[in-house]
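The values are calculated or read from the model by the stated rules, or taken from the named source; none is laboratory data. The structure presented is a predicted model; accordingly, all values stated were derived computationally and were not measured. Heads up, the Cβs are rebuilt from the backbone with ideal geometry, glycines too, and the neighbour counts pull from every protein chain shown.
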There are 2 protein chains.
Amino acid sequence: MAPDASSVTSTSSASAKRDLEIESIDFFVRMMSLLGLPRSVGEIYGLLYFSPKALPMDQIAARLDISIGSTSQGLKTLRSIKAIRSAYIPGDRRDHYLAESEFRRLFSTFIKDEILPHLESAKDRISRMEKVLGSEPTEEKDFYKIRIEKLKRLTQASGRLLPALAKLLKL
Amino acid sequence: MAPDASSVTSTSSASAKRDLEIESIDFFVRMMSLLGLPRSVGEIYGLLYFSPKALPMDQIAARLDISIGSTSQGLKTLRSIKAIRSAYIPGDRRDHYLAESEFRRLFSTFIKDEILPHLESAKDRISRMEKVLGSEPTEEKDFYKIRIEKLKRLTQASGRLLPALAKLLKL
DNA sequence: CAATGGTTTCAAAAAAAAATGAAATAAGCA
DNA sequence: TGCTTATTTCATTTTTTTTTGAAACCATTG
């Protein structure tokens, strides 16, 4: 078979690394988008996840071919959900980033920040519903009562289940 | 206090119903958006969830003040995740829709259709990663091995946990 | 304390997602 | 079958989200 300049390199492991990197980026782009996070955030995390050394922002932007604006924003998001941490590299002013590979922490932060607040407001809303219904003797009162009851159970179950789920994900 | 034509009606429970409806729509718009579904889908489900009688498409569009195009699309989505079902009303040609209030079914369909396919493709991807790595004796091989191992555990855990979660949500 | 390199911010552009409305299709009824 | 009403489809428009790029900001160091 014909040697191909782009895939055969001196060390031969460089292309393997690139392959892993690409699979990783692809994987995390999908996964982050499942969590509602933008493409660039998935790309950055995917790159860092398979990087043995911490990378500075400008290298991340260059490797992914995205703007430093996006990169800065994406790193901010990833920091906020504790999906990355920065490592100090002596003699280099730039911040260097490493992927946090403990998914447990990642998910529990996500659940805590994104899901639980909604559950909180749901509780208030259900109280309001009960108040509205309480004073109104409509014919279909039973129907409404049951619906409110189901909503209540849903939010209660979620409130208990989600934190438990986060704990189970000790990977 | 001054009587207000729009909120005081002959039965007085009409406004209570409207209040519940609004809270419900608001609730489900948020919840559906958490699942990545468009606003209109949440509105439709929220309306149906607190409707004691099945509603036809044109009434749904009118009450929510959205186009029948959106309504048709939204109903299609909701049907596909089994969140609603249609009821036959004698003497009326139109399809009438009811909310499926068993959240368990709703979630398990959602998990099965939206999440599990991703997990499937993740398995393939991980096999590819292992193949790439296997033939490459790099120095950092241990690092890559560990990362791949973690990914594998994540997908395995999710594959086991998510269906279990769906079952637990018998509300 | 200026100069340089690194990072953030944010208005504008680009891209993606959702809603509209009208035409096409289907489905019930006379 | 033809007429009427209900529903779907889809090109276009609108809205929302994401990315860009340049200016502002910060921090280190000569």
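Counting residues that are modelled with pLDDT of 95 or more and surrounded by fewer than 18 Cβ atoms within 10 Å (Cβ to Cβ), which helices (runs of 4 or more DSSP H) fully inside the range B:1-96 reach at least 2?
Values: elements: B:13-34, B:39-49, B:57-64, B:68-80.
In the range B:1-96, the matching helices (runs of 4 or more DSSP H) lie at B:13-34, B:57-64, B:68-80.
Give the range B:21-49 a look and list any residue that's free of Cβ contacts under 8 Å to residues at least 12 places away in the same chain, of a type outside the set (A, V, I, L, M, F, W, C) and more than 9 Å from chain A (Cβ to nearest Cβ), or say none.
Result: B:Arg39, single match.
Taking the stated definitions as given, is A:Ser108 small (Gly, Ala, Ser), out of contact with any strand residue (DSSP E or B) (no Cβ under 6 Å at 6 or more places or on another chain) and within 16 Å of DNA strand D (Cβ to nearest atom)?
Numbers: small (Gly, Ala, Ser): yes; out of contact with any strand residue (DSSP E or B) (no Cβ under 6 Å at 6 or more places or on another chain): yes; within 16 Å of DNA strand D (Cβ to nearest atom): no.
Against the criterion (small (Gly, Ala, Ser), out of contact with any strand residue (DSSP E or B) (no Cβ under 6 Å at 6 or more places or on another chain) and within 16 Å of DNA strand D (Cβ to nearest atom)), A:Ser108 does not qualify.
So, B:Gly42, is that one at positive phi, near DNA strand C (Cβ under 9 Å from one of its atoms) and within 18 Å of the chain's Cα centre (by Cα) or not?
Working: at positive phi: no; near DNA strand C (Cβ under 9 Å from one of its atoms): yes; within 18 Å of the chain's Cα centre (by Cα): yes.
In short, no.
Has the range A:163-171 got at least one residue that is assigned to a helix (DSSP H, G or I) and among the small types (Gly, Ala, Ser)?
Going residue by residue through the range A:163-171, those that are assigned to a helix (DSSP H, G or I) are A:163-168.
Within this subset, residues satisfying the condition of being among the small types (Gly, Ala, Ser) are A:164, A:166.
For the range A:163-171, residues assigned to a helix (DSSP H, G or I) and among the small types (Gly, Ala, Ser): present.
Among residues belonging to the range B:131-171 that are more than 10 Å from chain A (Cβ to nearest Cβ) and surrounded by 13 or more Cβ atoms within 10 Å (Cβ to Cβ), point out the one that is nearest to the chain's Cα centre (by Cα).
Top of the filtered list is B:Ala166.
Would you mind stating whether A:Ser121 is modelled with pLDDT under 95 and outside any loop (DSSP other than H, G, I, E, B)? Lay out the reasoning, then the answer.
On the way: modelled with pLDDT under 95: yes; outside any loop (DSSP other than H, G, I, E, B): yes.
Answer is yes for this residue.
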